[in-house]
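To start, the structure itself, in structure tokens.
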Amino acid sequence: MGTKKLVILSMLVSQALVLHLIERLIPVPVNIYGVKLGLANIISLFTIIIFGWKEAVLVVFLRTLLASLFGGGISTLLYSLSGGLLSAIIMALMYNGFGAIFSIPIISVIGAIFHNIGQLTAASLVVSNIMIFSYLPILTVSAVITGLFIGYVVNFTIKPLKGVLKIGSD
């Protein structure tokens, strides 16, 4: 891995962590557990587009680990990793396999839905109850709204950021 790439990935991890920490301070307008903006997913999707799935998984893993150290715990780590990693992998598959068919906002929505599926899967294993998936329809409505927001942010910023970072030259 080249120095430039390492520096950019380090910056992406720190930006994802900052967005995650800022999100903790933003009150969610609905009082439904698990509903959040998912601002750090901006960085995950950006990383998929710029570098690929391996780098995105690395960014998600490091951001989640650091966020858990800064105020989460083992359960936060478990749920965030399961959702974040599944989401990043699915978004990467969608972008690389179907990017010509699906827009970045749609890929983001799919990633948000799979983030919830990953977290609910981890929760159902922890509590040994599959009925926790009855919560998925509520989370899916939230995932569509927040996923579109995140997708449009990435869609509008990706081209200018590629130019600023001059990705491709080392």
Report task. Measure out, as a whole number of angstrom, how far apart the alpha-carbon centroids of the range 42-68 and the range 116-134 sit. Result -> 23
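With helices defined as uninterrupted DSSP H runs, which ones in the chain have an alpha carbon span along their own long axis of at least 20 Å and mean Kyte-Doolittle hydropathy of at least -1.0?
Numbers: long enough: 3-25 (34 Å, 1.18); 53-69 (24 Å, 1.39); 74-98 (34 Å, 1.41); 104-127 (34 Å, 1.69); 136-165 (39 Å, 1.52).
Qualifying helices: 3-25, 53-69, 74-98, 104-127, 136-165.
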Query - Cα pair distances of the chain binned at 10 Å [whole percent] - result: 11, 40, 36, 11, 2, 0
Report summary line: Largest fluctuation, ASN129, ASN41, ASN155 only, Gaussian network model of the chain with Cα springs under 10 angstrom, belongs to ASN129
**Report entry** Long-range amide H partners of LEU39 with built H, under 5 Å
**Finding:** none
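Could you give the length gained by full extension between SER75 and LYS36, i.e. 0.36 nm per residue of separation minus their alpha carbon distance, to one decimal place?
Details: separation 39, 0.36 × 39 = 14.04 nm, distance 1.70 nm.
Gain in length upon complete extension: 12.3 nm.
Coordinate-derived values only; no laboratory data. Predicted model only: the values in this text are computed from it and were never measured.
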